1. Can you list residue pairs whose Cβ atoms sit under 6 Å apart, with the first residue in the stretch 46-73 being over 20 Å from GLN33 (Cα atoms) and the second being of a type in the set (S, T, N, Q) and surrounded by 10 or more Cβ atoms within 10 Å (Cβ to Cβ)? Count only pairs 6 or more apart in sequence or on different chains.
2. Restricting attention to the stretch 16-57, and to residues there that are β-branched (Val, Ile, Thr) and closer than 17 Å to ASP70 by Cα, which single residue is nearest to the chain's Cα centre (by Cα)?
3. Looking only at the stretch 11-49, count every residue that is assigned to a loop (DSSP other than H, G, I, E, B), acidic (Asp, Glu) and either modelled with pLDDT under 85 or touching a helix residue (DSSP H, G or I) at 6+ places or on another chain (Cβ under 8 Å) (or both) and tell me the total.
4. Looking only at the stretch 58-73, filter to residues that are within 26 Å of PRO4 (Cα to Cα) and of a type in the set (A, V, I, L, M, F, W, C); which one of those is farthest from the chain's Cα centre (by Cα)?
5. From the list ASP70, ASP65, which residue is acidic (Asp, Glu) and modelled with pLDDT of 85 or more?
Amino acid sequence: RASPTVLVQDPRTSPNRDVLVNLGNVLPEGFAQYARVVEVVSQADEDDRKRARERWRSYAALGYDIVRHDLVLKESAG
């Protein structure tokens, strides 16, 4: 099933609530309204990785199950 891609600055205003792709540095307001949240994290920028770990801990503290998909590990294994 194809779904539209909608680019918004404020996820609370999006008409689509299936997947939120967070490209920002903080937990996006309104993320809980989405079925899934995808966090894109740099493989080389240590500051970005540190902020991502902080967001990870925040999601976990709020009780969300987290599934990690590390594409760097997949590249080195394949």
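1. Every condition considered, the pairs that remain are ASP48/SER42; ARG51/ASN25; VAL72/GLN43.
2. My answer is VAL38.
3. 1
4. Restricting to residues being within 26 Å of PRO4 (Cα to Cα) and of a type in the set (A, V, I, L, M, F, W, C), the top hit is LEU71.
5. Only one candidate qualifies: ASP65.
The values are calculated or read from the model by the stated rules, or taken from the named source; none is laboratory data. In this text, all values refer to a predicted model and were calculated from it rather than measured experimentally. As a convention, Cβ positions derive from the backbone with ideal geometry for all residues, glycine included, and neighbour counts pool all protein chains shown.
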